[in-house]
Amino acid sequence: MVELRLAQDPEADALLARSPLAALTGMLLDQQVPMERAFGGPLTIARRMEAADLDAHEIAACDPERFAALMARTPAVHRYPGSMGKRVQQLCAYLVEHYDGDASAIWADVPDGRTLLRRLNELPGFGKQKAQIFLALLGKQFGVTPEGWREAAGAYGEEGSHRSVADITGPESLVKVREFKKAAKAAAKSQG
């Protein structure tokens, strides 16, 4: 079994490791909040739904107001619980429609990295960068390595890099990723 350290919480990381939908949901939530909070979100959602795992069919079918309230309950799952709750439901509805609710079907039979990147990019709430980061996470930590995956993941697929959540294997690498992001932000600000 894969051992993850993304949420920096053993129970949340165990859910991410065993549940493709939880990992995908954590990636979706990874914006405008600390990475640990985003990747801890799936466990919070599962607990609030009184379940051991996330179920795309159940989340997609949930009343939107009820799901938004579940996301907003203190402590909120995300800084923007209403809009992110809607995105989580859209993601689950897409998975139900295109993959019978099975998130792992996105990469189970994929012929190459380009195809996997395209599939990830088609997901609601996933743009090119988020798709590339998740592709790198799949390759680096989940062993999903179709031909050309590193190239499709772009710089996020580079071996030995510390650019994104794909490179977090513990507290030390988390610090390195944060330093990289801080330096990248400073460089962009000085150019802008």
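Of note:
- Of all residues making up the stretch 143-192, the number that are under 18 Å from Ala38 (Cα atoms) and hydrophobic (A, V, I, L, M, F, W, C): 6
- Candidates Arg119, Arg114, filtered to the one that is more than 18 Å from the chain's Cα centre (by Cα), farther than 23 Å from Gly40 by Cα and surrounded by 12 or more Cβ atoms within 10 Å (Cβ to Cβ): Arg114
- Some residue of the stretch 43-53 being polar (S, T, N, Q), at pLDDT 95 or above and over 14 Å from the mean Cα position of the chain (by Cα): yes
- Annotation note: Cβ proximity below 8 Å between a residue of the stretch 138-151 that is among the small types (Gly, Ala, Ser) and a residue that is not in a helix (DSSP H, G or I) (sequence gap 6+ or interchain) occurs for Gly139/Thr145; Gly143/Val2; Gly148/Asp112.
- Among the residues making up the stretch 133-182, those that are farther than 21 Å from Leu4 by Cα and open to solvent by 60 Å² or more (accessible area, probe 1.4 Å) are Glu147, Glu151, Lys182.
- Matching residues, the stretch 100-111, being open to solvent by 40 Å² or more (accessible area, probe 1.4 Å) and touching a residue at least 24 places away in the same chain (Cβ under 8 Å): Asp102, Pro111
- Residue that is nearest to the chain's Cα centre (by Cα), among those in the stretch 1-19 that are touching a residue at least 40 places away in the same chain (Cβ under 8 Å) and buried (at least 22 other Cβ atoms within 10 Å of the Cβ): Leu6
- Test: residue in the stretch 61-80 that is modelled with pLDDT of 95 or more, of a type in the set (Asp, Glu) and under 28 Å from Thr145 (Cα atoms): no
- Residues of the stretch 29-52 that turn out to be open to solvent by 60 Å² or more (accessible area, probe 1.4 Å), in a loop (DSSP other than H, G, I, E, B) and either free of Cβ contacts under 8 Å to residues at least 24 places away in the same chain or touching a helix residue (DSSP H, G or I) at 6+ places or on another chain (Cβ under 8 Å) (or both), as a count: 3
- Put simply, of Glu36, Glu50 the only residue that is of a type in the set (D, E, K, R) and farther than 21 Å from Val2 by Cβ is Glu50.
- When each of Tyr80, Tyr94 is tested for being surrounded by fewer than 19 Cβ atoms within 10 Å (Cβ to Cβ), closer than 28 Å to Lys181 by Cα and touching a residue at least 12 places away in the same chain (Cβ under 8 Å), the lone residue that passes is Tyr80.
The values are calculated or read from the model by the stated rules, or taken from the named source; none is laboratory data. Computed from a predicted structure; not experimentally measured. Reconstructed Cβ throughout: ideal geometry from the backbone, glycine too, with neighbour counts over all protein chains shown. Heads up: the accessible areas ignore ligands, DNA and RNA and are worked out on the full protein's heavy atoms, side chains in. Shrake-Rupley method; radii C 1.70, N 1.55, O 1.52, S 1.80 Å.
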